[in-house]
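The values are calculated or read from the model by the stated rules, or taken from the named source; none is laboratory data. Quantities reported herein were computed from a predicted structural model and do not represent experimental measurements. In this analysis, Cβ positions are derived from the backbone assuming ideal geometry, glycine residues included, and neighbour counts consider all displayed protein chains. Ligands, DNA and RNA are excluded from the accessible area calculation, which covers all protein heavy atoms including side chains. Shrake-Rupley method; radii C 1.70, N 1.55, O 1.52, S 1.80 Å.
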Amino acid sequence: MRDPALLDLSEAADAIADGRLSSVEATHACIDRIEAWQPAINAFITLDRERALVQAAERDRELARGQRRGPLHGVPLAHKDLVLRAGRVTTAGSKIMRSTVADRTSTLLERLDSAGAVDLGTLHMSEFAAGPTGHNVHYGPCRNPYNRDHITGGSSSGSGAAVAARLIYGALGSDTGGSIRLPAANNGIVGLKPTYGRITRHGTIARSWSLDHFGPMTRTARDCALMLQVVAGHDPRDATSSSSSVPNYLAALSDTSLTGIRIGIPKETLLREFDPEITAAMEATIRTLESIGASTKTVPLPNLKVLLLVAETIIKSEAATMHRPWLATRPQDYASQVRLRLEAGFLIPATQYIDALRLRALFTREFLDETMGGIDMLLLPVMPFPVPTIADTDVEGAGGEAVAATVGRITTLTRPFNLLGVPSLSVPAGFCAKGLPIGLQFVGHPSDEAQLLRIAHALDRKSTRLNSSHANIS
């Protein structure tokens, strides 16, 4: 067998289940790659080597007794460092929580444990999930495994880099304005922001409780479906958790024909606003989708700038509320730009925040009627330009208006769908001239993650496996 770390999640799970690979072997393979790559890309905050190996050995003993916990039995994973595990430090990428030991375990980790996963540790992230690039003044920047001078995207930066570099088989990320889809796109992997409430947030550290979504980040659509199957579903401990039934996501992948699928694309005037390399990736993907049987039509988009402003009002108001005690007692322990963004929430009147919540429902109805009414899903880029460098997006460094403008544009195509609460799936769509990945997103109807995954899986099968080759450290 080839290096176990190079297997996809589904392949590793199957190999462990039928005895071709042990959980200990898979865990050792991941640890070896982590130790080789961590100095270069800085994807982990905490690596629990000993605990993971003990857990892997127990998973192997369970299999030997004929006991398989679930579909992830023995598979090593790691997750963004804001998912709590009792007894372990959870930093949220901050100085303030650097020594904070969790007093409970999140429902997400409980479900992964029940499915047999091995937990390798916690992954790098932007401080308190407040940043779309992967910069972090407390832990250093997370670096793109395809080119270490470029950003990973944030705030689930370590999740994107670790999965792409094959340090782990899959990871959880969180997404308030693009924080799953951006690092998925920038690192050439698959990342799902599900429908609001589809995945519980109990036992996680919030950025904005009205807009936060958790979701899987993997190398293939099949792997994403497998993880989603484990973590999706109602949680009585989360008041926002959806009670909708959970479909069989893996079964939905069996139909790889897209005949009858209607895909909406933006007007040509908007396409011209994207970098030409992004537009070319869109056009190539459209041709591939049509070759599988899908049809495309031009659809009107909502006013994305308005949606961005409404989402910003909600995020800033809720984040300021949550951070008020620390902002009063430990303001010096925040990165300056993070602190400024949080403090801005104190200047927003309560009436404006309430209006934003009210408008959210109105905008969602309009989007579903006017944009999504005659289509099954919408196709858009994740970012309007190729992956920028760390230096060109360093707001804590030289900064300046140009840097701020670049960073501000990063979430223009992702944040609106957090406000609307609809599912969105980032998929690999080739590479730019500099060899950095390009990602596109499929935006679907509420609770229709299965359709998004089915289309992404069809692309996986039809296209050259753009996400199958791992990046090289040089």
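Taking 0.36 nm per residue of sequence separation and subtracting the Cα-Cα distance, how much length would be gained by fully extending the chain between N147 and T46, in nm to one decimal?
34.1 nm
So, for region 234-281, what is the accessible surface per residue at a probe of 1.4 Å, expressed in square angstrom?
Computed with neighbouring chains in place, this is 56 Å² per residue.
For region 134-146, what does the Karplus curve 6.51 cos²θ - 1.76 cosθ + 1.60, with θ = phi - 60°, yield as ³J(HN,Hα) per residue in whole Hz, taken in order and with x for Gly and Pro?
x, 5, 7, 6, 8, 10, x, x, 7, 10, 6, x, 7
Hey, if we sort K80, K267 by accessible area with the 1.4 Å probe, largest down, what's the order?
Final ranking, largest accessible area leading: K267, K80.
Sorted by mean Cβ packing within 10 Å, highest first, what order do the peptides 374-384, 218-228, 179-189 take?
By packing density, highest mean first, the sequence is 179-189, 218-228, 374-384.
Give me the lysines in straight-line cross-link reach of K267: C-alpha distance below 19 Å, same-chain residues under 8 apart excluded.
Hits, sequence-local ones excluded: K297, K305.
Answer with a single label: of (i) 37, 25, 22; (ii) 30, 27, 22; (iii) 73, 21, 21, which was calculated as semi-axes √(5λ) of the Cα gyration tensor in Å from the structure in view?
(ii)
May I ask which residue of L357, L378, A405 lies farthest towards the positive end of the charge dipole of region 344-406, with charges of +1 (Lys, Arg) and -1 (Asp, Glu) on Cβ and the Cα centre as origin?
My answer, from the dipole projection, is L357.
Quick query: amide H of T296 versus all other amide H atoms, modeled in the peptide plane; which residues come in under 5 Å with a sequence gap of 5 or more or a different chain?
I263
Please work out the FRET efficiency for the pair S254 and I286, using the Cβ-Cβ distance as r and a Förster radius of 25 Å; give the result to the nearest 0.05.
Plugging the Cβ-Cβ distance into 1/(1 + (r/R0)^6) gives 0.55.
Put +1 on the Cβ of every Lys and Arg and -1 on every Asp and Glu Cβ in region 186-305; which of M282, G215, N186 then has its Cα farthest towards the positive end of the dipole?
It is G215.
Setting aside same-chain residues fewer than 8 positions from K95, which lysines have a Cα under 21 Å from its Cα?
Within the straight-line cut-off, K95 pairs with K80, K316.
Accessible area of the chain with a 1.4 Å probe: how many percent of it is carbon plus sulfur?
52
If every alpha-carbon in region 186-286 counts as one equal scatterer, what log10 I(q)/I(0) does Debye give at q = 0.20, 0.21, 0.22, 0.23 1/Å?
Computed log10 I(q)/I(0) values: -1.12, -1.15, -1.17, -1.19.
Of the options G158, T91, I261, report the single residue whose Cα projects farthest towards the positive end of the charge dipole of the chain (beta-carbon charges: Lys, Arg +1; Asp, Glu -1).
Checking the options against the dipole of the chain, the answer is T91.
Any chance you could check the Cα centroid distance between region 189-233 and region 82-130 for me, in angstrom?
Centre-to-centre distance over Cα atoms comes out at 15 Å.
Quick one: putting +1 on the C-beta of Lys and Arg, -1 on the C-beta of Asp and Glu, what dipole do you get for the chain around its Cα centre, in Debye to the nearest 20?
300
Helix by helix, which DSSP H runs in the chain go 30 Å or more along their axis at the Cα atoms and have an average Kyte-Doolittle hydropathy of 0.0 or more?
Span-like helices, by this rule, are 304-329.
Once you treat every alpha carbon in region 33-157 as an equal point and sum by Debye, what is log10 I(q)/I(0) at q = 0.09, 0.19, 0.21 Å⁻¹?
Values, matching the q order: -0.28, -1.04, -1.17.
Charges at C-beta only: +1 for Lys and Arg, -1 for Asp and Glu. How large is the resulting dipole of region 318-360 about its Cα centre, in Debye rounded to 20?
With Lys and Arg at +1 and Asp and Glu at -1, about 60 debye.
How large is the dipole of region 64-156 about the Cα centre if only Lys and Arg carry +1 and Asp and Glu carry -1, each at its Cβ, rounded to the nearest 20 debye?
For region 64-156, the charge dipole is close to 240 debye.
Modelling each spin label as a point 7 Å along the Cα-to-Cβ direction, I'd like the V101/E268 distance in nm, to one decimal.
Using points 7 Å along Cα→Cβ, the separation is 6.5 nm.
Roughly speaking, what is the centre-to-centre gap between region 370-448 and region 1-60 when only Cα atoms are used, to the nearest Å?
30
Hey, with R₀ at 51 Å, roughly what FRET efficiency would L362 and V89 work out to, going by the Cβ-Cβ distance, to 0.05?
0.75
In nm², what is the average projected area of the convex hull enclosing the Cα atoms of region 104-183?
Here the figure is 5.7 nm², rounded to one decimal.
Taking the Cβ-Cβ separation of T298 and A239 as r and a Förster radius of 35 Å, what is the calculated FRET efficiency to the nearest 0.05?
0.35
Mind checking the per residue accessible area of region 325-474 for me, 1.4 Å probe, whole number of Å²?
Roughly 42 Å² per residue, with all protein chains present.
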